[in-house]
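The values are calculated or read from the model by the stated rules, or taken from the named source; none is laboratory data. Nothing here was measured: the structure is a model prediction, and the numbers come from that model. Every residue, glycine among them, receives a Cβ derived from its backbone with ideal geometry; neighbour counts consider all protein chains shown. We work out accessible area using only protein heavy atoms, side chains counted, and drop any ligands, DNA or RNA first. Shrake-Rupley method; radii C 1.70, N 1.55, O 1.52, S 1.80 Å.
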Amino acid sequence: MLIPREAEVPALTGPLAGATVVRTPVERVATNFAPFETALTAIGVADRLVAVGGTKSYDDAGHARVGSGELAQIGYGRHIPPILDALAAAEADVLLMA
């Protein structure tokens, strides 16, 4: 369920019982896929990135943020989960994963 940050979460019953609640707008984003970095930059919210796959960022600004430690590195694996310690430490609201 996408629910505005300032709204009260309604009772989630029936098919929605147990659904994950994501507060909007999403403020902290993690991704393991450079094209998602590109999309976030294109819509003007690259500053919301808190974790990326690693140093192979698609642009110099992203690469510099990884190098400085501003962005966590969670790994690029397509067939393995992200590095969970790094992901948890980044405190992302959502993970865009490919």
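Quick look at the values:
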read-out	value
Heavy-atom accessible area per residue - the chain, 1.4 Å, Å²	62
At most 15 other Cβ within 10 Å, DSSP loop - trypsin sites (Lys or Arg not before Pro), the range 3-98	ARG5, ARG28, LYS56, ARG78
Cβ-derived FRET efficiency at R0 35 Å, LEU84 paired with ALA61, nearest 0.05	0.85
For q = 0.15, 0.23, 0.33 Å⁻¹, Debye-computed log10 I/I(0) when each Cα of the range 6-54 counts as one equal scatterer	-0.56, -0.82, -1.28
Charge dipole magnitude, Cβ of K and R +1, D and E -1 - the chain, Cα centre, debye nearest 20	240
Semi-axis lengths, Å, the range 24-98, gyration tensor of Cα atoms, sqrt of 5 times eigenvalues	16, 14, 12
Most mobile listed residue (GLY77, GLY69, GLY53) in the chain, GNM with C-alpha springs under 10 Å	GLY69
Fraction of antiparallel bridges per DSSP, the chain only, in percent to nearest 5	0
